[in-house]
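The values are calculated or read from the model by the stated rules, or taken from the named source; none is laboratory data. Predicted model only: the values in this text are computed from it and were never measured. Cβ atoms come from the backbone with ideal geometry, glycine included; neighbour counts cover every protein chain shown. Remember, those area values only see protein heavy atoms, side chains included, never the ligands or the DNA or RNA. Shrake-Rupley method; radii C 1.70, N 1.55, O 1.52, S 1.80 Å.
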Amino acid sequence: MRRIERRRFLIAAGALAAAPLVRGQKKPYRIGLVPEFDELPTFRAELARLFQQLGWREGSDFDFIFTGAKYDTLEIEAATARMVAEKPDLILAVGTSVAASLYRRTRTMPIVMVVSGYSVEAGLAESLARPGKNVTGTTIYAGTGVWAKYLELLQSAKPGLKRVGMLMSYTPPGHTRAEIEPVYREVAQGADMLGLQMRIVEVPSPERVDPALAEMESWRPEALVLTSGQGAWTAREKLSGLAVRLRVPSVTDFPWLGIEPQPLLTYAPEVLSLWRAAITYAVRILRDGARPGDLPIQQPAKFELEVNLTTARAIGLTVPQSLLLRADRVIQ
């Protein structure tokens, strides 16, 4: 090698050795999240911690992608369009309606549902055991029979009740009729088994909250099932407030943190376990090459029962000791 060429080679080699090995490492995976949550900094830190427990660090192994859409904005279609345009390596979807919107836009990007309802009926999976498409994750409701359980819990809280109302916020357009049909079927079966009269009033949007509450109040229910769909999410205080105003017990299907009054009962999976399961799937898909269609949609290992005695006092109810003994948490 001639002296001048050798000199150039050594300079280039030295510069290469001194430079960060950016291209020698795998580029961080880009993981999308739809929707976001109000306390994004805290929530993002918690997500990063869950990934870190699996050996993944934000910035080196993965980066988050956000769209700015919140759960209660009803801007899901626009948010999923923005997300798919970003071409992430994987998307974490909160809710069946979000996953369905994403699935309509992409049949190749892996979609992992953090929370979902009836994925098979929604057309997102061929079965829970073998989804067969580009969508997997966790479900709260499918195959759990939980809707009849809500009625049984209300009857346990107030023995002898006969009239139960349900404010149903899992409705079109976010949820198809085919997807929510199992909810109506399970509620009807549970009511028949327990000898209850049921009245279901749908709450498809924030604009329909007040008319729905007025309709329910005129029926004079003895207990209420409160659901956590997008249409009613911003009006949770109004929904739980109706139960207190009517002095009747209520149960909700997901924790309603940060609002007052609280429902009397909350019966739901432990939220962190849902995120942990979804993130584990995300890592398996991205790191290990697992296919979403081969990963079973997971049902909750356990539902937790919370009883709020502050609400019990507000409605003048003495919660039976038998129900308190079943509770995982009793809020004084």
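Of note:
- Think of a 1.4 Å ball rolled over the protein heavy atoms: the chain then has 47 Å² of accessible area per residue.
- In the chain, lysine pairs closer than 21 Å at Cα, eight or more apart or cross-chain: 8
- Gain on full stretching of the segment that runs from Leu257 to Arg30 - 0.36 nm per residue minus C-alpha separation: 78.8 nm
- Amide H contacts of Met168: Val201, Glu202, Val203, each under 5 Å away and 5 or more positions distant or on a separate chain (H built 1.01 Å from N in the peptide plane; Pro and chain starts excluded).
- Apolar share of the accessible surface for the chain: 53 percent from carbon plus sulfur atoms, 1.4 Å probe.
- Across the range 225-332, C-alpha contacts under 8 Å between residues 6 or more apart give a mean separation that, scaled by the residue count, equals a relative contact order of 26 percent.
- All other residues whose Cβ lies under 9 angstrom from that of Phe62 are scored, Lys and Arg at +1 and Asp and Glu at -1, for a net of -2.
- Computed helical MRE - 222 nm, the chain, DSSP H runs ≥ 4 contributing -39500 (n - 2.57), nearest 500: -12500 deg cm²/dmol
- The amide H of Phe62, built 1.01 Å from its N in the peptide plane, has Tyr29, Arg57 as neighbours under 5 Å, considering only residues 5 or more places off or on other chains.
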